[in-house]
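The structure under discussion appears below in the form of structure tokens.
The values are calculated or read from the model by the stated rules, or taken from the named source; none is laboratory data. From a predicted model like this one, the values you see are computed outputs, not experimental measurements. Glycine gets a Cβ as well: all are built from the backbone with ideal geometry, and neighbour counts include every protein chain shown. The area values use the complete protein model at the heavy-atom level, side chains included, leaving out ligands, DNA and RNA. Shrake-Rupley method; radii C 1.70, N 1.55, O 1.52, S 1.80 Å.
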Amino acid sequence: MAAEKVETVVAGNYVEMEPEEGNSKSTKSKLSNLFWHGGSVYDAWFSCASNQVAQVLLTLPYSFSQLGMLSGILFQLFYGLMGSWTAYLISVLYVEYRTRKEREKVDFRNHVIQWFEVLDGLLGKHWRNLGLLFNCTFLLFGSVIQLIACASNIYYINDNLDKRTWTYIFGACCATTVFIPSFHNYRIWSFLGLVMTTYTAWYLTIASLIHGQTEGVKHSGPTTMVLYFTGATNILYTFGGHAVTVEIMHAMWKPQKFKLIYLIATLYVLTLTLPSASAVYWAFGDLLLTHANALSLLPRTRFRDTAVVLMLIHQFITFGFACTPLYFVWEKLLRVHNTKSMFKRAMTRLPVVIPIWFLAIIFPFFGPINSTVGSLLVSFTVYIIPAMAHMVTFASPSARENAVERPPSFLGGWAGLFSVNIFVVGWVLVVGFGFGGWASMLNFVRQINTFGLFTKCYQCPPHKA
């Protein structure tokens, strides 16, 4: 009887960061709700799909040149499914944590729950510290990668400035994300972001097929273990975008409905990544090994310029997605998170952008940095830690009996769920972190030795006199 009562307790409706606006029927209020105040299942889906595939769309053909066509396709399907599984685990742990807190009458209306707080509430301070370390470091470098991508892309429209100078400019532009309160306010941006990546993906596909194969094209991948596992970890990074799952769930009016949203978003993303990466690799083959950004190989047309501009806007949006959780952590550290003054919070957030800006200038290695972040940070942040945390949380019979969310029936109960989690931990630890870390670090060091730190223009063709 007690178990039945527990199952009926779910995280309910709430207002997140903004104050109640009443039932105003004014045009201004309606427009604000339409473009600014999002919390539905559809908003969460747009946020997940838009955040999952950003600049990495342009580096997947590079990964295919390292892996070969067959391995590239299989790794996308495999890691897409694995990423959806661990996103599901994170959502289960969030609802479990929030349900327990709501039974204690905790009010979250002026507080955004984050992943490290879920770990703290369910497993204690050591898990909290571990989650905070990996999550913040990953999101920091995730923001760095978006900034690097901005400079890399704009260069293909305007090469009068080197990529480092463009990084300075876009760093200042991306700093304006401090004025976006929370994921609750990304409604229109998430929708537009997905439209932009959809256009870019199909542009890459169609433009490559129209271009045809380059003369003497070779498809020799995989050639070395280093390249193979570097490419694999870039795909691990691609489908590891759920480090912001908790914040996206917290922006929902009914977060318990999140369970399958990430899986459905991943299925849509695969309709973008598989055709585009396959087509570009088919057309250019081994040339991609020295051209991490797929746009660099396609002839300049108004369609390519449109793709560049749309990706720039989308990278601004994704920078906000990656950086907003860091803003929240910083606000909580300085004890201004609960203030109602958005200006005060924005000014407090600005110092967070400075190290991101600096790191993007030091390591401008568009492409190789994705694999390095994927193996060393994504592997733990969104695969190993969620799977282990789920097992430890529900290790005791009483915890399983009172669990808010039961295991999916097709897995055969708790034993099946634990088996999947053990496989995820083992695979990612050995293949993702072990082999992937070894390969990606070798490749990353090679980029430093070849181009140097603070390089002005990574992989730029020589200027014609």
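Might you check whether a residue that is modelled with pLDDT under 95 and surrounded by 13 or more Cβ atoms within 10 Å (Cβ to Cβ) occurs anywhere in region 384-398?
No, the conditions are met nowhere in region 384-398.
Looking at (1) modelled with pLDDT of 90 or more; (2) of a type outside the set (Asp, Glu); (3) farther than 23 Å from Asn110 by Cα, which one does Ile90 not meet, given that it meets all the others?
Checking Ile90 against (1) modelled with pLDDT of 90 or more; (2) of a type outside the set (Asp, Glu); (3) farther than 23 Å from Asn110 by Cα, the one that fails is (3).
Would you be able to tell me the number of residues in region 229-255 that are open to solvent by less than 50 Å² (accessible area, probe 1.4 Å) and over 16 Å from the mean Cα position of the chain (by Cα)?
Step one: filter region 229-255 for residues open to solvent by less than 50 Å² (accessible area, probe 1.4 Å), giving 229-252, 255.
With the extra rule that they be over 16 Å from the mean Cα position of the chain (by Cα), the set shrinks to 229-232, 250-252, 255.
Of the residues in that region, 8 qualify.
Any residue in region 285-306 that is more than 30 Å from Trp166 (Cβ to Cβ), assigned to a helix (DSSP H, G or I) and in contact with a helix residue (DSSP H, G or I) (Cβ under 8 Å, 6 or more places away or on another chain)? Spell out the reasoning first.
Let us first name the residues in region 285-306 that are more than 30 Å from Trp166 (Cβ to Cβ), namely none.
No: zero hits.
Are any residues in region 190-222 open to solvent by 60 Å² or more (accessible area, probe 1.4 Å) and more than 17 Å from Thr306 (Cα to Cα), and if so, which ones?
Scanning region 190-222 gives Phe191, Leu209, Ile210, His211, Gln213, Glu215, Gly216, Lys218, His219, Pro222.
Would you call Phe433 assigned to a helix (DSSP H, G or I) and either of a type in the set (A, V, I, L, M, F, W, C) or in contact with a strand residue (DSSP E or B) (Cβ under 6 Å, 6 or more places away or on another chain) (or both)?
Values: assigned to a helix (DSSP H, G or I): yes; either of a type in the set (A, V, I, L, M, F, W, C) or in contact with a strand residue (DSSP E or B) (Cβ under 6 Å, 6 or more places away or on another chain) (or both): yes.
Yes.
Mind telling me which of the residues Thr223, Thr271 ends up being farther than 27 Å from Leu326 by Cβ and under 24 Å from the mean Cα position of the chain (by Cα)? Explain how you work it out, then say what you get.
Numbers: Thr223 fails: under 24 Å from the mean Cα position of the chain (by Cα).
On inspection, the qualifying residue turns out to be Thr271.
Just wondering, is there one or more residues in region 140-157 that are free of Cβ contacts under 8 Å to residues at least 40 places away in the same chain and either surrounded by fewer than 23 Cβ atoms within 10 Å (Cβ to Cβ) or assigned to a loop (DSSP other than H, G, I, E, B) (or both)? Spell out how you get there, then give the answer.
Step one: of region 140-157, the residues free of Cβ contacts under 8 Å to residues at least 40 places away in the same chain are none.
No; the residues of region 140-157 include none that is free of Cβ contacts under 8 Å to residues at least 40 places away in the same chain and either surrounded by fewer than 23 Cβ atoms within 10 Å (Cβ to Cβ) or assigned to a loop (DSSP other than H, G, I, E, B) (or both).
With respect to Tyr281, determine if the residue is part of a helix (DSSP H, G or I), in contact (Cβ under 8 Å) with a residue 24 or more places away in the chain and open to solvent by 10 Å² or more (accessible area, probe 1.4 Å). Steps first, answer last, please.
Values: part of a helix (DSSP H, G or I): yes; in contact (Cβ under 8 Å) with a residue 24 or more places away in the chain: yes; open to solvent by 10 Å² or more (accessible area, probe 1.4 Å): no.
So Tyr281 fails the test.
List the number of the failed condition for Met17; all other conditions in (1) among the aliphatic types (A, V, I, L, M); (2) modelled with pLDDT of 60 or more; (3) open to solvent by 10 Å² or more (accessible area, probe 1.4 Å); (4) outside any helix (DSSP H, G or I) hold.
Here Met17 clears every test but (2).
Can you tell me which residue among Tyr79, Tyr88 is touching a Phe, Trp or Tyr at 6+ places or on another chain (Cβ under 8 Å), of a type in the set (Ser, Thr, Tyr), touching a residue at least 12 places away in the same chain (Cβ under 8 Å) and under 25 Å from Ala149 (Cα atoms)? Give the derivation first.
Working: Tyr88 fails: under 25 Å from Ala149 (Cα atoms).
Selected residue: Tyr79, the only one of Tyr79, Tyr88 that is touching a Phe, Trp or Tyr at 6+ places or on another chain (Cβ under 8 Å), of a type in the set (Ser, Thr, Tyr), touching a residue at least 12 places away in the same chain (Cβ under 8 Å) and under 25 Å from Ala149 (Cα atoms).
Which one of these does His111 not meet: (1) surrounded by fewer than 20 Cβ atoms within 10 Å (Cβ to Cβ); (2) in a helix (DSSP H, G or I)?
It fails just one condition, (2).
For Gln76, work out the one condition from (1) at pLDDT below 95; (2) open to solvent by less than 10 Å² (accessible area, probe 1.4 Å); (3) not hydroxyl-bearing (Ser, Thr, Tyr) it doesn't fulfil.
Evaluating Gln76 over (1) at pLDDT below 95; (2) open to solvent by less than 10 Å² (accessible area, probe 1.4 Å); (3) not hydroxyl-bearing (Ser, Thr, Tyr) leaves (1) as the failure.
Have a look at Val392, Val404 and point out the one that is farther than 30 Å from Met69 by Cβ, of a type outside the set (Gly, Ala, Ser), touching a residue at least 24 places away in the same chain (Cβ under 8 Å) and not in a helix (DSSP H, G or I).
On the way: Val392 fails: not in a helix (DSSP H, G or I).
Result of the check over Val392, Val404: Val404.
Here's the yes/no breakdown for (1) of a type in the set (D, E, K, R); (2) in contact with a His (Cβ under 6 Å, 6 or more places away or on another chain); (3) buried (at least 18 other Cβ atoms within 10 Å of the Cβ); (4) modelled with pLDDT of 90 or more:
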position: Leu350; (1), (2), (3), (4): no, no, no, yes
position: Phe363; (1), (2), (3), (4): no, no, yes, no
position: Pro368; (1), (2), (3), (4): no, no, yes, no
position: Val373; (1), (2), (3), (4): no, no, yes, no
position: Ser379; (1), (2), (3), (4): no, no, yes, yes
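Before we move on, is Leu70 assigned to a helix (DSSP H, G or I), open to solvent by less than 10 Å² (accessible area, probe 1.4 Å) and more than 20 Å from Phe321 (Cα to Cα)? Talk me through it step by step, then tell me what you get.
Working: assigned to a helix (DSSP H, G or I): yes; open to solvent by less than 10 Å² (accessible area, probe 1.4 Å): no; more than 20 Å from Phe321 (Cα to Cα): yes.
Taking the combined requirement at face value, the residue does not satisfy it.
Looking only at residues in region 445-465 that are more than 22 Å from Leu297 (Cα to Cα) and touching a helix residue (DSSP H, G or I) at 6+ places or on another chain (Cβ under 9 Å), which one is surrounded by the most Cβ atoms within 10 Å (Cβ to Cβ)?
Kept after step one, since they are more than 22 Å from Leu297 (Cα to Cα), are these residues of region 445-465: 445-446, 448-449, 452-454.
Still in the running and touching a helix residue (DSSP H, G or I) at 6+ places or on another chain (Cβ under 9 Å): 446, 453-454.
On the way: Arg446: 13, Leu453: 11, Phe454: 10.
Among them, the one singled out is Arg446.
Restrict the check to region 332-346 and report whether at least one residue is part of a helix (DSSP H, G or I) and within 24 Å of Ile90 (Cβ to Cβ). Steps first, answer last, please.
Kept after step one, since they are part of a helix (DSSP H, G or I), are these residues of region 332-346: 332-334, 342-346.
Then keep just the ones that are within 24 Å of Ile90 (Cβ to Cβ); that gives 332-333.
Yes, region 332-346 contains a residue that is part of a helix (DSSP H, G or I) and within 24 Å of Ile90 (Cβ to Cβ).
Conditions: (1) open to solvent by less than 20 Å² (accessible area, probe 1.4 Å); (2) of a type outside the set (A, V, I, L, M, F, W, C); (3) touching a residue at least 60 places away in the same chain (Cβ under 8 Å). Gly416 meets all but one. Number of the miss?
All conditions are met except number (3).
Out of all the residues in region 174-216, which are free of Cβ contacts under 8 Å to residues at least 40 places away in the same chain and in contact with an Asp or Glu (Cβ under 6 Å, 6 or more places away or on another chain)?
Within region 174-216, none qualify.
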